[in-house]
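The values are calculated or read from the model by the stated rules, or taken from the named source; none is laboratory data. Being a predicted model, the structure only gives us computed values, none of them experimental. Cβ atoms come from the backbone with ideal geometry, glycine included; neighbour counts cover every protein chain shown. What goes into the accessible areas is simple: the full protein's heavy atoms, side chains included, and nothing from ligands, DNA or RNA. Shrake-Rupley method; radii C 1.70, N 1.55, O 1.52, S 1.80 Å.
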Amino acid sequence: MSKSSYNLFIIIIIFILGLGLRSSAFTNLNTLSFEESLSPLFGDANLVRSPDDLSVRLLLDRYTGSGFISSNMYQHGFYSSMIKLPADYSAGVVVAFYTSNGDVFEKTHDELDIEFLGNIKGKPWRFQTNLYGNGSTHRGREERYRLWFDPTKEFHRYSILWTPHKIIFWVDDVPIREVIRSEAMGADYPAKPMALYATIWDASDWATSGGKYKANYKFAPFVAEFKSFSLDGCSVDPIQEVPTDCSDSVDFIESQDYSSINSRQRAAMRRFRQRFMYYSYCYDTVRYPEAPPECVIVPAEKDRFKDTGRLKFGGTEARGRRRSRRQQRPEIESDPDERRLL
């Protein structure tokens, strides 16, 4: 074998190994059909299941959005799906993948969110993560980011891990946010059983550039596609008199690769947050003169967000057509260079 052929062989092997590493946290997921794990939530005519029942399309038109919910509620868990977002112009259209118990605990609900905030064709997609505990909606813990790829071209995996000790939000094999439970958080840390939801709906009043760009139904129907559903957790009745022992389920979840962040993934998370995070509540001194207790203040991030307190806020968020709440939203700033994280 010539030297040049040998070098090419080594490069190919490294590339193949690299592909394996990028999916290492999610290679052994137990995926489920829609019928096994999910149920329609609203907009039934706009919820289209595939013939094999392994994927579903959620549509938004000028009459209604649509959504689904997990058939069970879980006391801690791992919630994951491959998702492809609406193409072309989708300003004002929010696709949400989240956990909540708001239908059971209306005034003391818990919630973990991944929300995609609509897009103008040719611009980087914006999205946010958030968490609430015990109805603490006035203490939102938003972070906002840009994606480093076009989420309308192919499916990508989005995941939420929730254990008694930590929360991790994943995009593919990149952990984009980790929240370690702090005793000082108290009931602000989500603790009650939650169901998984996915919805598509019109949030023209706040979603894209603070409501500057509205949903344009000339481009309808807006379509979000979901497949490869994975739900690991302890299925419980949220109002049962005798609590279910979920220790075995939690032990199983915490033993999985997606429950820990290795050194390579932590470096990727750091690069993601440096390059693509454009708002973090931890550095918003207007809302929180003293950072909430779970915040880990990173000097480089603090320097970047030193002017965060001057961002403008406003707008109303609605969750599908079922409920709404007041919430502050940061303005969008200019785009950074997009570079590979892993």
Globularity ratio of region 27-143, using Cα Rg and 2.2 N^0.38 Å: 1.15
Pull out a ≥ b ≥ c, the square roots of the eigenvalues of the alpha-carbon gyration tensor of region 248-309, then state rounded if a/c is under 1.5, prolate if not and a/b is larger than b/c, and oblate in the remaining case. oblate
Do any trypsin sites (Lys or Arg not before Pro) in region 116-176 lie in a DSSP loop with no more than 13 other beta carbon atoms within 10 Å, and if so, which? K121, K153
Pop a pseudo-label 7 angstrom from the Cα along the beta-carbon direction at both T31 and S247 and give the gap in nm to one decimal. 3.5
Pop a pseudo-label 7 angstrom from the Cα along the beta-carbon direction at both Q240 and D44 and give the gap in nm to one decimal. 2.9
Near the amide H of Y278, under 5 Å away, which other amide H atoms are found, from residues 5 or more places off or on another chain, if H is placed in the peptide plane? R144, Y145, R146
Given Cα pairs under 8 Å that are at least 6 residues apart, what percent is the relative contact order of region 196-262? 17
In sequence order, what are the phi-derived ³J(HN,Hα) couplings for region 50-58 according to the Karplus relation 6.51 cos²θ - 1.76 cosθ + 1.60 with θ = phi - 60°, rounded to whole Hz, with x for glycine and proline? 6, x, 8, 6, 9, 8, 8, 10, 9
Long-range amide H partners of T152 with built H, under 5 Å: L85
If you count only protein heavy atoms and use a 1.4 Å probe, how large is the accessible surface of V236, to the nearest 10 Å²? 20
If you plug each phi of region 122-128 into the Karplus form 6.51 cos²θ - 1.76 cosθ + 1.60 with θ = phi - 60°, what whole-Hz ³J(HN,Hα) values come out, in order, with x for Gly and Pro? x, 9, x, 5, 10, 8, 9
With every atom except the alpha carbons ignored, what do you get for Rg and Dmax of region 206-288, in angstroms? 20.4, 53
Is any residue of region 112-135 close enough, with backbone N under 17 Å, to a label point placed 7 angstrom from the Cα of R275 along the Cα-Cβ axis, and if so, which? 124-127
Kindly write out, for region 268-278 in residue order, the coupling ³J(HN,Hα) from the Karplus curve 6.51 cos²θ - 1.76 cosθ + 1.60 (θ = phi - 60°), rounded to whole Hz, with x marking Gly and Pro. 5, 4, 4, 5, 4, 5, 5, 9, 10, 7, 10
Cα-projected label distance for R264 with T108, points at 7 Å along beta-carbon direction, nm: 4.5
Order the following by accessible area, largest value first: K227, K218, K123. Probe radius 1.4 Å; ligands, DNA and RNA are ignored. K218, K123, K227
